[in-house]
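Written below as structure tokens is the structure these notes are about.
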Amino acid sequence: LHPEFYFSGDDVDKIEKDILLSFRSEVDERRFCPTVHAPFFDLNIGARDSQVSRVSFERLFWAVEVAALLKAGLVVIHPGYGPWILGHKFDAWLSRAGKYLIKLCEHAASYGIKVAFENIYDAGPDDLAELLNLVDSTNAGICLDIGHFNVFSKQPLERWLKVLGRHIFELHLHDNDGTADQHLALGDGRIGYSQLMQWFNDLAPEEKPVLTLELPHRTHVIKSVNILKDWLS
């Protein structure tokens, strides 16, 4: 099992170390292999406002430190860009964010932790590929969120897998009807999973990404786990 711990910006400021250590004790006792999802609301590591970029970096740096404490092998990060934020000027965003992204991945690498940048509003895989090319680190990869793909992508899944497939460290699995990021149980929306699962099943065991169910209700988790059992070879 690979439970994913999410921490908000408020958690960064308020959570006590003894609470984190209690989480670690639970992880050790249950022999979990956790991942960590970094804070993301209001953060933009490539913001035009340098203070926003700095605070965003500090939040993400904290997430790496917590991942190390929890013995997590991977941190998922929302880069913070999007067409409504940037006016489609991704290169300018990347030039501002680059130094922070490189430092972040270097810091994670010092702990043996991978960093997975998640697709959010991406219409295609090229911006994320450019981000990885800039960082140029073997511990930097992608978290492919299939729900976000279904809502925002203008390009087919085949191209995403062709461009980013070998860099995908984690998959976020949930469902929606294509109109919003609804986080429904698998099978309760309109996402076609057959191509993704065929790709996953064809990978060698050591190449398979972590599968994370992002679902708000226990019943949705149980239903989705049972569906996944049928999908996975």
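Computed over the alpha-carbon atoms, the range 56-117 gives an Rg to Rh ratio of 1.03, Rh here being the Kirkwood radius from the mean inverse distance. Per-residue extension of 0.36 nm, minus the Cα-Cα distance of PHE61 and GLU207, leaves a gain of 49.9 nm for this segment.
Contact order normalised by length for the chain, with contacts defined as Cα pairs under 8 Å and 6 or more residues apart; what percent is it? For the chain, the relative contact order is 14 percent.
Under the membrane-span-like helix rule (DSSP H runs whose alpha carbons stretch at least 18 Å along the helix axis, mean Kyte-Doolittle hydropathy -0.5 or higher), the chain yields 50-69, 90-110, 218-231.
Which three semi-axes in whole Å describe the equivalent ellipsoid of the range 192-233, each the square root of 5 times a Cα gyration tensor eigenvalue, listed largest first?
21, 11, 9
Kindly list the residues of the range 106-138 that lie in the label zone of LYS162, defined by a backbone N under 13 Å from the point 7 Å along the Cα-to-C-beta vector. Output list for this probe position: 125-126. The alpha-carbon of LYS89 sits under 30 angstrom from the alpha-carbons of these lysines, leaving out residues fewer than 8 places away in its chain: LYS99, LYS103, LYS114, LYS154, LYS162. For LYS229, a cut-off of 20 angstrom between C-alpha atoms picks up these aspartates and glutamates, skipping any fewer than 8 places away in its own chain: GLU4, ASP145, GLU170, ASP175, ASP188, ASP202, GLU206, GLU207, GLU214.
With each label modelled as a point 7 angstrom along the Cα→C-beta vector, the ASP126-ASP230 pair spans 3.9 nm.
Of the listed values (i) 19.0, 59; (ii) 17.2, 48; (iii) 19.5, 63, grab the one calculated as Rg and Dmax of the Cα atoms in Å from the structure here. Recomputing Rg and Dmax of the Cα atoms in Å here picks out (ii).
Considering only the chain, what is the antiparallel percent among its DSSP beta bridges, to the nearest 5? Intermediate results must be reported in sequence, preceding the final value.
Details: 1 of 22 bridges.
If we restrict to bridges inside the chain, about 5 percent are antiparallel.
Values quoted throughout were computed directly from the atomic coordinates according to the rules given, and no laboratory measurement underlies them. All values derive from a computational prediction rather than experimental measurement. Cβ: placed from backbone, ideal geometry, glycine included. Neighbour counts: every protein chain shown.
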